């Protein structure tokens, strides 16, 4: 790091659990952020600001006026633009020293597997079960840690799944395919969401990624849920399911 970088990241470097070595690990790391909406916006901005060296932002949607209530990487001038590219510009405006790539497409199959394999950590910022299952399977196959977030109405949740840990469950352990909840397909467009909630959960995702990439602290365990109406956090243990169709044979 040069003097400018030392100054830019000085407030993190002074932390005992990060210091110069941890910041250098961040600068050498690559995060894949799938979804550049309500959750992906704060994730992309904070990872760029924190000094994650490479970001790949993926989203096949375009910015709409109704997005601006909560998707803070975008502004009115971005309406009609690809979300991935808009978020890329916002991240670079915060930190032009990061390498930020935008993919304005839906990753699936081989393209998803390759993108996951190239990253050090994957952040699932999508809002559909089908996408979450596909991302989870790709992370399990590639052995990449997954930071999963969700937010709807006044409620949010976060979980970290790390296939490098033999005791860690996967997303399919938490929500088995075919579970009744899978059919609900809740989305913000259909059910609404209060604006700051996605920022709170997205920041939680970014924090877990920064910890993991820098080596600070310990990885989040289990499932954390947040009730925005009461301000209450709850935490649940999530054991790995030996019969899980995705990670059961691991």
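Annotation: the antiparallel percentage among DSSP beta bridges lying fully within the stretch 52-159 is about 45. Each peptide among 38-49, 231-242, 74-85 gets the average number of other Cβ atoms lying within 10 Å of its residues, and from highest to lowest they stand as 38-49, 74-85, 231-242. In whole Å, what is the distance between the alpha-carbon centres of the stretch 74-116 and the stretch 1-72? That distance is 12 Å. Short-range pairs are left out: with C-alpha atoms under 8 Å and at least six residues apart, the relative contact order of the stretch 12-236 is 22 percent.
Is the shape of the stretch 43-114 best called rounded, prolate or oblate, per the rule: a/c under 1.5 gives rounded, else a/b larger than b/c gives prolate, else oblate, with a ≥ b ≥ c the square roots of the Cα gyration tensor eigenvalues? Judged from the Cα gyration tensor, the stretch 43-114 comes out oblate (a/c at least 1.5, b/c at or above a/b).
Give me 6, 107 ranked fewest to most by other Cβ atoms within 10 Å of their Cβ, as a rough exposure proxy. Show your work: numbers first, answer last.
Details: 6 12, 107 22.
With the sparsest Cβ surroundings first, the list reads 6, 107.
Classification of the stretch 1-68 by its C-alpha gyration tensor yields a prolate form. The axis ratio a/c (a ≥ b ≥ c) is 1.5 or more, and a/b outweighs b/c. Relative contact order for the stretch 27-128: 38 percent, from Cα pairs under 8 Å spaced at least 6 residues apart, divided by residue count.
Counting neighbouring beta carbons within 10 Å and listing from fewest to most, the residues 9, 175 come out as 175, 9. Across q = 0.10, 0.11 Å⁻¹, the chain modelled as identical point scatterers on its alpha-carbon atoms has Debye log10 I(q)/I(0) values of -0.45, -0.55, in the order of the q list.
Annotation: the antiparallel percentage among DSSP beta bridges lying fully within the stretch 12-236 is about 50.
Sorted ascending by nearby beta carbons within 10 Å, beginning with the fewest, 88, 144, 128 become 128, 144, 88.
Rule-based calculations on the coordinates, nothing more; no lab input. Model, not experiment: these values are computed from the prediction. We place every Cβ from the backbone using ideal geometry, glycine too, and count neighbours over all the protein chains shown.
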